[in-house]
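Presented below is the structure to which this report refers.
The values are calculated or read from the model by the stated rules, or taken from the named source; none is laboratory data. Quick caveat: nothing in here was measured; it's all calculated off a predicted structure. Here the Cβ positions follow ideal geometry from the backbone for every residue, glycine too, while neighbour counts run over all protein chains shown.
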Amino acid sequence: MISFSKDTCNDLIALYKTKKISLEGNILKVIKGGDSEFTKYIEEAKQRDNETRRKRLDITKQVQQQNKELIDSQAEREKLMTELQAALLESEKLRDAAVEDLETLQKRTQFELVGLIVKVALGIIGTVAFLTSILYFYVISKGLDAKIIESTWSNLFGILLTNSFSIIGTIMGVKYASGEKR
């Protein structure tokens, strides 16, 4: 046990009264009390020390609880981020598939339209050629003057052939440029 002189005891009591500073910690367990005023000071210091330790313990528990909650929320946030990234990747895959399907549909529609244009153009060319040929053969069979119709028929067939090759060449070029092999 530790004992203090009367002057030291009075100085410690005065320090507490003037500046509210007192002894703390385990030293209070080994101090031997002197007069009644110093014994009262030591008991009060022990009570204050116990209260201070209890408050510190409560704060420590509170901080530990908050740390545990932060760790739990961090784990939950990481789990959500992982799920969000997986969902983002899945949505990008679906978007890419939809874009590819749309492009395929557009190409198919374009090729169907081109095919229809070719059929109609060739039909018109064939019909005009057929009608012109019938008219030419009619004029020849009747023995009429066929000079104008001959040149018209010749020019018309030349124009029809040129245009039909032009149309077919353009369509084939479009198909080749777009990568379609038909």
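Taking V139, is it surrounded by 10 or more Cβ atoms within 10 Å (Cβ to Cβ), touching a helix residue (DSSP H, G or I) at 6+ places or on another chain (Cβ under 6 Å), closer than 30 Å to I171 by Cα and not aromatic (F, W, Y)? Criteria not met by V139. Looking across the stretch 16-33, the residues that are modelled with pLDDT of 80 or more, in contact with a helix residue (DSSP H, G or I) (Cβ under 7 Å, 6 or more places away or on another chain) and not in a helix (DSSP H, G or I) come down to I21, S22, L23, E24, G25, I31.
Only a single criterion out of (1) farther than 24 Å from A177 by Cβ; (2) modelled with pLDDT under 90; (3) surrounded by 10 or more Cβ atoms within 10 Å (Cβ to Cβ) is not satisfied by K93, namely (2).
Scanning the stretch 21-30 turns up one or more residues that are over 40 Å from the mean Cα position of the chain (by Cα) and among the charged types (D, E, K, R).
Within the stretch 65-87, is there a residue that is in contact with a helix residue (DSSP H, G or I) (Cβ under 7 Å, 6 or more places away or on another chain) and either of a type outside the set (D, E, K, R) or in contact (Cβ under 8 Å) with a residue 12 or more places away in the chain (or both)? Can you show your working first?
Filtering the stretch 65-87 down to residues in contact with a helix residue (DSSP H, G or I) (Cβ under 7 Å, 6 or more places away or on another chain) leaves none.
Looking through the stretch 65-87, none of the residues is in contact with a helix residue (DSSP H, G or I) (Cβ under 7 Å, 6 or more places away or on another chain) and either of a type outside the set (D, E, K, R) or in contact (Cβ under 8 Å) with a residue 12 or more places away in the chain (or both).
Within the stretch 94-141, being in contact (Cβ under 8 Å) with a residue 12 or more places away in the chain and within 48 Å of the chain's Cα centre (by Cα) holds for K107, Q110, F111, V114, I117, V118. When you scan the stretch 159-172, do you find a residue that is modelled with pLDDT under 80, over 53 Å from the mean Cα position of the chain (by Cα) and either farther than 30 Å from Q110 by Cα or surrounded by 11 or more Cβ atoms within 10 Å (Cβ to Cβ) (or both), even just one? Checked against the condition, which is being modelled with pLDDT under 80, over 53 Å from the mean Cα position of the chain (by Cα) and either farther than 30 Å from Q110 by Cα or surrounded by 11 or more Cβ atoms within 10 Å (Cβ to Cβ) (or both), the stretch 159-172 yields at least one hit. So, in the stretch 1-15, how many residues would count as being in contact (Cβ under 8 Å) with a residue 24 or more places away in the chain, of a type in the set (V, I, T) and assigned to a helix (DSSP H, G or I)? Residues in the stretch 1-15 being in contact (Cβ under 8 Å) with a residue 24 or more places away in the chain, of a type in the set (V, I, T) and assigned to a helix (DSSP H, G or I): 1 in total.
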